[in-house]
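First up is the structure itself, then whatever we jot down about it.
The values are calculated or read from the model by the stated rules, or taken from the named source; none is laboratory data. None of these values were measured; they are calculated from a predicted model. Neighbour counts are summed over all protein chains in view; Cβ atoms, including those assigned to glycine, are modelled from backbone coordinates with ideal geometry.
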């Protein structure tokens, strides 16, 4: 298996992660780089993308650090805490998402610095560099 390492560039910050082997993750990875503007919904960053694929193994609740694709956007989402739809400590997207990967645990605190409207770019990491 060839691990699909990716990075999100947000302002001066870089967040690293890995995509899974899902069909949706393959579609997103093959379309990289993708850029957009940061939107925040609670502790979720999302940005619109041009990739359109159907929901795959849709999840109503996700885990801290999950990277997901939201077909209704379409958008890529990064979850770093509860959203307005969450009950208790769960992390609940607006509607079902396809989980496509995970960011590094060390990157989660960096997401708190993201500002609405800031440019975000999702890129592949090849040979250790972005």
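Details
- Among the strands (runs of 3 or more DSSP E) confined to segment 14-90, there are none with at least 3 residues that are over 16 Å from residue 107 (Cα atoms), touching a residue at least 24 places away in the same chain (Cβ under 8 Å) and in contact with a helix residue (DSSP H, G or I) (Cβ under 6 Å, 6 or more places away or on another chain).
- Test: residue in segment 118-128 that is farther than 12 Å from residue 15 by Cβ, assigned to a loop (DSSP other than H, G, I, E, B) and in contact with a strand residue (DSSP E or B) (Cβ under 7 Å, 6 or more places away or on another chain): yes
- Any hit, segment 85-104, residues being surrounded by 18 or more Cβ atoms within 10 Å (Cβ to Cβ), touching a strand residue (DSSP E or B) at 6+ places or on another chain (Cβ under 8 Å) and within 17 Å of residue 11 (Cβ to Cβ): yes
- Cβ pairs under 7 Å, 6+ apart, first in segment 105-130 and at pLDDT 95 or above, second assigned to a helix (DSSP H, G or I): 124/29
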